[in-house]
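Report on the following structure.
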Amino acid sequence: MVPIVGDKGATLILLLILCSLMVALPKVETVRAAEDSWTTLEPMPTARSNLGVAVVDGKIYAIGGQNGEGVLNITEEYDPITNEWTTKTSMPTARSDFGIALYQDKIYVIGGTIGSGIAWGESLLTGATEVYDPETDTWQTKTSMPTPRQGLEANVVTDKIYLIGGVRYVGGYIHPGFDENEVYDPPTDSWTTKAPLPTAVWGYSSAVVDNKIYLIGGGNKTSDGTFPVTLNQIYTPSTNTWNFGQNIPTGLWHADAGATTGVFAPKRIYVLGGAYYSVAYNLTQTYGPEANTWTTGTPIPTPRYGLGVAVIDDELYAIGGKTERDNYSAINEKYTPVDYVPEFPSWAPLLIMLLAVMAVAVIYRRSLHKRNQGRRN
């Protein structure tokens, strides 16, 4: 039986219910996603490093890479909701250390190396451009990148994919100053060249914020050897110009980065892991483009480099990589950023509606009771 109360009492009940929901529901979700924290999830089926990851419709696709068996063409799909992995159609060209980008719900894999080991040379590089459609689980081959290379990133700004820097080889040795900026236009399947990178780097981290491309850290070849750099090089495609942001505190190579959107967490770039030669780091280095400042977050539980980073609802997934030389990882760890504002659970609106209907029923029952009493009198 629904209790009979006065109109004022029913209104008070309704207000108390709504206030309780406003207080309780965020607490439920916050427990699920504590800020500046890491959660360990189901690992990939295949341990590997120097892979590419991309997100389509809330699912993560881990593609290619390398392990002790050589370069790989594996495509594996991760569903964060079920915490399960599924194997998909393999990429046509086995490779690692390539650029990967998402354009109109299709994944573009460009460049990379088709071989591994110490006998480096031009023959081990590829400029292949291959496109994966998750909806049909099929691959297509497009026009190759003009300059085959590895150790580069792919970034999308206003319907174009930018492939900047990376590694080439001359006579079996690393090219000391490769600064190429080649741009792919998916609608026309064509390539153009833009303003070169100020300081040539490879194995850098990269992300896009407000239509600007940030290239952070990486390796730079000098006459004294190859060293990590701390540079934060910023490219603006609309003006075809470069400038510099605040240097990253610890310059490393083969870290990876992801950017939050400002919806659930402030707009920031997170640079995770990385290495100095074969020593893996567990750093979480955070850059705020608006303030042009760096901070540090809770370190990654598993130090590694050559990992892939994916972002879903402003949480970052750090997948795969190397923990040390020749030790390949399948680990999958999720980072919830500082100042993260969780989304209400999907069932929250339904619950609010249900309780509101119950409260209205109380008021209606009271009104009906008064009318019945009036008729009797």
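The values are calculated or read from the model by the stated rules, or taken from the named source; none is laboratory data. Because the structure is predicted, anything quoted here is derived from the model rather than measured. Note that we place each Cβ from the backbone using ideal geometry, even for glycine, and neighbour counts take in every protein chain shown.
Values computed for the structure shown
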quantity	calculated
Lone qualifier among LEU197, LEU163 - being modelled with pLDDT of 95 or more and either among the acidic types (Asp, Glu) or over 13 Å from TYR108 (Cβ atoms) (or both)	LEU197
Total residues in segment 12-39, condition at pLDDT below 95 and either under 26 Å from SER206 (Cβ atoms) or in a loop (DSSP other than H, G, I, E, B) (or both)	3
Pairs, first farther than 26 Å from SER205 by Cβ and modelled with pLDDT under 95 in segment 80-109, second aromatic (Phe, Trp, Tyr) and in a strand (DSSP E or B), C-beta under 7 Å, six or more apart	none
Residue count, segment 78-110 (criterion: under 12 Å from TYR132 (Cα atoms), within 17 Å of the chain's Cα centre (by Cα) and outside any loop (DSSP other than H, G, I, E, B))	8
Segment 135-153 - residue that is part of a loop (DSSP other than H, G, I, E, B) and in contact with a Gly (Cβ under 8 Å, 6 or more places away or on another chain) and, of those, farthest from GLY219 (Cα to Cα)	SER144
Selection status of ILE74, in contact (Cβ under 8 Å) with a residue 60 or more places away in the chain and at negative phi	no
ASN282 being at pLDDT 95 or above, in the same structural domain as VAL109 (by TED's automatic domain parsing) and on the phi > 0 side of the Ramachandran plot	no
Candidate set: segment 282-302, residues that are touching a residue at least 60 places away in the same chain (Cβ under 8 Å) and either over 24 Å from VAL209 (Cα atoms) or outside any strand (DSSP E or B) (or both); chosen: the one nearest to the chain's Cα centre (by Cα)	ILE300
Residue in segment 250-278 that is surrounded by the fewest Cβ atoms within 10 Å (Cβ to Cβ), counting only those that are farther than 23 Å from ASP314 by Cα and touching a residue at least 24 places away in the same chain (Cβ under 8 Å)	SER278
Among the candidates TYR204, TYR184, TYR214, residue that is touching a Ser or Thr at 6+ places or on another chain (Cβ under 8 Å), within 21 Å of ILE248 (Cα to Cα), in contact (Cβ under 8 Å) with a residue 24 or more places away in the chain and of a type in the set (Ser, Thr, Tyr)	TYR214
Flag for GLU42 being in a strand (DSSP E or B) and either surrounded by 18 or more Cβ atoms within 10 Å (Cβ to Cβ) or at pLDDT 95 or above (or both)	no
Unmet criterion (only one of (1) out of contact with any Gly (no Cβ under 8 Å at 6 or more places or on another chain); (2) within 27 Å of TYR169 (Cα to Cα); (3) surrounded by 17 or more Cβ atoms within 10 Å (Cβ to Cβ); (4) not aromatic (Phe, Trp, Tyr)) for VAL55	(2)
Segment 265-281, residues that are of a type outside the set (Gly, Ala, Ser), assigned to a loop (DSSP other than H, G, I, E, B) and under 14 Å from the mean Cα position of the chain (by Cα)	LYS267, ARG268
